[in-house]
Amino acid sequence: MSQNHLYLVDGSGYIFRAYHQLPPLTNKHGQPVGAVYGYTTMLWKLAEELGKAEGPTHLAVVLDKGSHTFRNDMYDQYKANRPPPPEDLVPQFPMIRDATRAFSLPCIEEEGFEADDIIASYTKAAVAQGWHVTIVSSDKDLMQLIQPGVDMYDTMKNERRGPDYVVGKFGVTPDKLGDVLALMGDSVDNVPGVPGIGPKTAAKLITDYGSLEAALEAAPSMKKSKMQENLIAHADMARLSRRLVTLHDAMDLPEPLEDFSLKGIPTEPLQAFLEHHGFRSLLTRLGAPAAAVAVATAAAAMTEATPPPKPQVAPEPPIDRSLYETVVTEDALDRWIAAAHAEGVVAVDTETDMLDCVSCALVGISFAVGPNAACYIPVGHGGRDMFAERPAQLPKELVLAKLKPLLEDDSVLKVGQNLKYDLTVLRRHGIDIAPYDDTIVMSFDLDAGQSLAGHGMDEAAKVHLDHVCISFKDVTGTGKSQISFAEVPLDKATEYAAEDADVTLRLWKLFKNRVANEGATRIYELVDRPLVSVIARMEHEGIKVDREALSRLSAEFTAGIAALETEIHALAGQPFAIGSTQQLGAILFDKLGYKGGRKGKSGAYSTDVNMLEQLKAQGAEIAGKVLDWRQLSKLKSTYTDALQAQINKDSGRVHTSYSLSGAQTGRLSSTDPNLQNIPIRTEVGRQIRHAFVAEPGNVILAADYSQIELRLAAHMADVPALKEAFANGEDIHAATAQQLFGEVNRDTRGRAKTINFAILYGISRWGLAARLEIGADEAQDMISRYYERFPGISLYITETIEKARSRGYTETLFGRKTWFPRIKAPVQHERQGAERAAINAPIQGTSADIIKRAMARMGPALEREGLENVKMLLQVHDELVFELPEADVDAASTVIRHVMESAAEPLVKLSVPLGVEIGFGASWGAAH
DNA sequence: ACCCTCACG
DNA sequence: GACGTACGTGAGGGTA
């Protein structure tokens with residue numbers, strides 16, 4: 001060996017670059033691995049240099065450790081501006097070490113020193129012994145080290161860099177680079193430098209005067225200029241900067257140079273690593289046996305960046321229910337658990353005796369580890385009925401004890417369809433399923449708005465697998481003869497339950513690839529998937545409802561309704577069903593002769609609020625009474641009565657169910673009961689909110705985003721006037737009124753508010769005209785004026801529609817797609833409807849993304865502050881409702897406000913602040 | 001199963 | 001020149 005050549009790899013610097021340059025890939029375990037993949041290919045590339053003329057004889061990877069270094073002691077602002085690393089990069093840091101170990105390469109990191117200092121020290125030591133050194137990095141600070149025998153290698157650009165490169169880029173030789181960097185400063189690392197001096201001026205000064213110190217000394221005698229003044233004023237900062245950019249090259253070497261000797265890369269640990277992540281193309285190049293690669297491919301359905309390889313596996317066999325197994329022995333159970341471990345991914349589905357996941361009992365669990373490789377483990381069949389024959393099955397406790405390690409194993413991905421249900425059921429048995437994927441959420445993130453794709457399993461199986469699932473009704477029957485799943489015979493139950501798991505796994509493989517290939521990773525991994533377990537907890541928590549209060553209200557409403565009914569019948573001159581629009585229409589228009597038109601194809605009279613308000617204005621007393629009657633009936637039937645029936649017998653609380661795939665825009669929806677439409681707008685309705693109460697000693701706290709959609713519209717359409725108003729904390733509707741009408745009063749503010757909302761919803765002159773009770777021409781003038789005052793808005797609208805038309809979908813700031821198949825409909829009003837929805841979707845959707853991120857982060861944030869008694873209970877689109885001990889209100893408010901206001905970051909940087917209003921009290925009503 | 005109406009953001 | 005629409009939901013009651 002004539003010449004030793006040391007390669008020093010700047011690992012920390014590399015992964016940031018890899019992260020930003022590569023698409024956000026995930027491996028089969030659902031972990032983000034884009035940067036790891038880039039890092040692995042980089043090491044691979046270096047390994048291939050082995051034995052070449054300029055290749056390494058010695059190699060070490062150098063990483064940063066900890067965040068505090070001697071530079072922080074020198075200057076407490078050092079790197080203080082640096083944003084935290086992206087959240088999907090954080091989990092990749094430890095994987096970088098795994099990758100390095102997989103290549104059997106030494107990895108050096110030292111507390112208190114940056115990777116740059118370690119590299120400088122090793123470089124110095126190696127040069128002293130006459131070695132050549134190549135620094136694998138593109139960091140400009142490290143370029144100071146370039147000298148005869150030392151060069152740099154940028155693997156991404158495939159470029160080797162010597163002194164000429166530095167001269168070309170910075171105008172000075174590497175030995176003067178530190179002086180130039182000190183003058184320039186660095187906003188990322190927060191090296192102050194001298195204001196107003198950039199690379200060009202810095203290079204000129206150093207070239208002219210020879211060094212930083214010489215330039216600073218000469219400053220007073222330079223020609224008077226802003227630059228000269230700054231140079232004098234900030235001389236101390238320049239000297240500090242010089243020390244900050246100086247590399248520390250005299251540290252004790254943690255390991256001797258000789259230990260970095262490199263002979264070759266053993267395939268053993270590397271292959272295991274590549275298989276774990278499913279890095280297919282590298283596996284192939286490693287020369288792994290073809291069979292092993294195929295297995296890894298089939299199991300992993302891996303998603304690599306370039307190029308998307310054609311699946312090399314045979315198409316999956318059709319579903320064959322006869323292959324499913326009913327697990328009733330311990331041996332069989334162990335076998336399935338082992339298979340799941342071996343596969344690394346398993347589809348899971350739980351069967352219960354009723355739908356209510358707070359009170360239901362576990363009846364059985366099904367698994368699938370491959371096509372047709374599915375089983376059902378009954379644990380509660382015939383359970384509740386003491387007289388029914390109980391089929392032979394394993395004890396529930398034993399099964400759960402055996403499954404717990406698998407379901408909580410980090411290295412086995414659990415896949416479910418609508419997993420929040422299973423999460424709740426199993427959490428009641430002390431099992432926290434993780435990590436997980438949810439196929440309903442994946443489907444939604446891929447296909448929201450696509451009219452063909454239903455996200456429920458039966459529909460998804462039909463659409464994507466062309467398979468008709470056994471329906472739940474087929475096994476349990478319907479109506480009066482319906483039986484509980486616990487009473488279904490085991491053979492039938494196995495066919496149904498195992499098929500669910502089998503189908504789920506098949507769908508997952510399909511969706512997993514699509515999520516990566518269709519750009520849905522960001523929204524899925526960083527917004528929706530983390531939310532599943534959060535929602536499960538909220539649903540399980542429920543909210544306390546004061547039954548007596550509701551019952552009192554119910555009685556009041558009943559009396560009011562009865563009184564109104566008598567009056568209405570008297571005014572009508574006959575009794576009739578007031579709730580029947582048909583009968584009401586006949587009374588109003590035929591019998592009493594008020595004027596009003598027939599409506600559309602149904603031929604029925606319109607009797608909605610607008611019509612009744614109009615009649616009332618004409619002096620029809622009956623119309624006002626009907627409106628009052630309707631309000632009270634609505635409140636009674638939908639709220640006071642129905643809500644009492646929804647109070648859970650076991651918990652005494654109301655547990656709503658949130659749908660993660662309910663609204664096309666990405667919003668949640670709430671059912672059984674819907675707790676997102678509890679009255680608030682009228683005084684009488686608001687009383688219902690007062691029945692949502694806290695436990696004794698606790699309070700209800702409500703935190704609302706203020707005007708979030710308008711703020712987002714201002715940001716997304718880039719409207720300076722609106723952004724400024726929000727930045728200054730102005731009343732946005734008043735500000736709009738000022739812009740549009742030149743003066744602010746009750747009337748103009750109200751009209752401005754209407755127009756602001758019209759913008760969010762996709763405006764038409766007729767719609768606005770109807771709302772403002774003005775002519776369409778006048779409405780059109782107003783819209784034109786709005787566009788004039790707030791440019792950007794009309795551009796946003798035309799661009800959004802254009803994008804929806806050309807690509808078929810719109811996107812939120814977080815990349816959530818909503819599809820609009822009707823955007824090209826030949827029927828005009830259908831098309832225009834789709835256009836209005838397309839205008840609204842990015843705004844409403846981004847707002848939904850933001851609050852979802854706040855929800856996902858809320859639990860950990862509260863926990864960090866020791867606030868584990870603060871429970872998040874409800875979400876109402878722009879509001880989060882909590883229950884908490886009264887003593888925690890102040891501390892919790894701080895955390896909640898911060899989490900909500902910063903929820904977009906760091907993925908999205910908004911140019912408007914997000915405002916949050918917080919209130920609390922004994923009830924939800926009192927919290928507003 | 002569908003329409004109408006109306007509760008919410 | 002008209003389409004009596006604003007965007008997104010879920011629930012209850014009446015009707016067929």
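Bear in mind these aren't lab numbers, they're just calculated from the coordinates by the rules spelled out. None of the values given here were measured: they were computed from a predicted structure. Cβ coordinates were reconstructed from backbone atoms using ideal geometry, including for glycine residues, and neighbour counts include every protein chain displayed.
Taking amide H atoms as placed 1.01 Å from N in the peptide plane, the amide H of residue A:813 lies under 5 Å from those of A:846, each 5 or more residues away in sequence or on another chain. Roughly how tilted is helix A:732-741, in degrees to the nearest 10 and between 0 and 90, from the longest Cα axis of chain A? In chain A, helix A:732-741 runs at an angle near 80 degrees to the longest axis. Fully extending the segment from residue A:695 to residue A:565 would add 43.0 nm, taking 0.36 nm per residue of separation and subtracting the current Cα-Cα distance. In this entry, the range A:709-847 is assigned a mean projected area of 8.2 nm², taken as a quarter of its C-alpha convex hull surface. Taking every DSSP beta bridge that has both ends in the range A:353-445, the antiparallel portion is near 65%.
Each pair of Cα atoms in the range A:321-542 enters the Kirkwood radius, and Stokes-Einstein at 25 °C and 0.890 mPa s then converts it into a translational diffusion coefficient of 139 µm²/s. Here the dipole of the range A:321-542 is about 120 debye; that uses its Cα centre as origin and unit charges on the Cβ of Lys and Arg (positive) and Asp and Glu (negative). Residues of the range A:751-766 with an amide N closer than 15 Å to a point placed 7 Å from the Cα of residue A:731 along the Cα-to-Cβ direction: A:751-754. Near residue A:824, which aspartates and glutamates are there with a Cα under 18 Å away, not counting those fewer than 8 places off in the same chain? Partners found: A:447, A:799, A:802, A:811, A:835. Whole-percent P(r), the range A:370-468, all Cα pairs, 5 Å bins from 0: 2, 11, 14, 18, 17, 15, 12, 6, 3, 1.
Roughly how big is chain A's charge dipole about its Cα centre, with Cβ charges of +1 (Lys, Arg) and -1 (Asp, Glu), in debye to the nearest 20?
2880
Note on residue A:595 and residue A:889: the model spin-label points, each 7 Å out from Cα along the C-beta direction, lie 5.6 nm apart.
The smallest convex shape that holds all Cα atoms of chain A, its convex hull, gives 222 Å³ per residue. Taken about its Cα centre, the range A:553-654 carries a charge dipole of roughly 380 debye when the Cβ of each Lys and Arg holds +1 and the Cβ of each Asp and Glu holds -1.
Working note: 222 nm ellipticity from helices only, DSSP H runs with n ≥ 4, each -39,500 (n - 2.57), summed and divided by the residues of chain A, gives -14500 deg cm²/dmol to the nearest 500.
In plain terms, chain A is cut at each of the trypsin sites (Lys or Arg not before Pro) found in a DSSP loop with at most 11 other Cβ atoms within 10 Å, and the longest leftover piece is A:264-594.
Inter-part distance, the range A:113-156 to the range A:861-928, computed on C-alpha centroids, equals 49 Å. Among beta bridges identified by DSSP and lying wholly in chain A, the antiparallel ones come to about 70 percent. In order along the range A:549-564, the phi-based Karplus estimate (6.51 cos²θ - 1.76 cosθ + 1.60, θ = phi - 60°) of 3J(HN,Hα) comes to 4, 5, 5, 4, 4, 4, 5, 4, 5, 4, 4, x, 4, 4, 4, 5 Hz; Gly and Pro are listed as x. Taking amide H atoms as placed 1.01 Å from N in the peptide plane, the amide H of residue A:604 lies under 5 Å from those of A:599, each 5 or more residues away in sequence or on another chain. Helix A:889-901 and the long axis of chain A differ in direction by around 70°, with both axes built from C-alpha atoms. Couplings 3J(HN,Hα) for the range A:153-169, derived from phi with the Karplus relation 6.51 cos²θ - 1.76 cosθ + 1.60 (θ = phi - 60°), are 9, 9, 5, 6, 8, 6, 9, 9, 10, x, x, 4, 4, 5, 4, x, 8 Hz, where x marks Gly and Pro.
Mind giving me the FRET efficiency for residue A:604 and residue A:746? R0 is 30 Å, r the Cβ-Cβ distance, nearest 0.05 is fine. Write down the numbers at each step before the final one.
Details: r = 37 Å, r/R0 = 1.25.
It comes out at approximately 0.20.
For the pair the range A:440-500 and the range A:731-808, the centres of their Cα atoms are 45 angstrom apart.
Working note: Karplus 6.51/-1.76/1.60 with θ = phi - 60° gives the range A:789-802 the couplings 6, 10, x, x, 5, 5, 5, 4, 5, 5, 5, 5, 5, 4 Hz, where Gly and Pro are set to x.
Among the DSSP beta bridges whose two residues both lie in the range A:321-542, what percent are antiparallel, rounded to the nearest 5? DSSP beta bridges in the range A:321-542 are roughly 60 percent antiparallel. Dividing the mean sequence gap of close Cα pairs (under 8 Å, 6+ apart) by how many residues chain A holds gives a relative contact order of 9 percent.
The C-alpha atoms of chain A define a longest principal axis, and helix A:621-634 lies at about 60 degrees to it.
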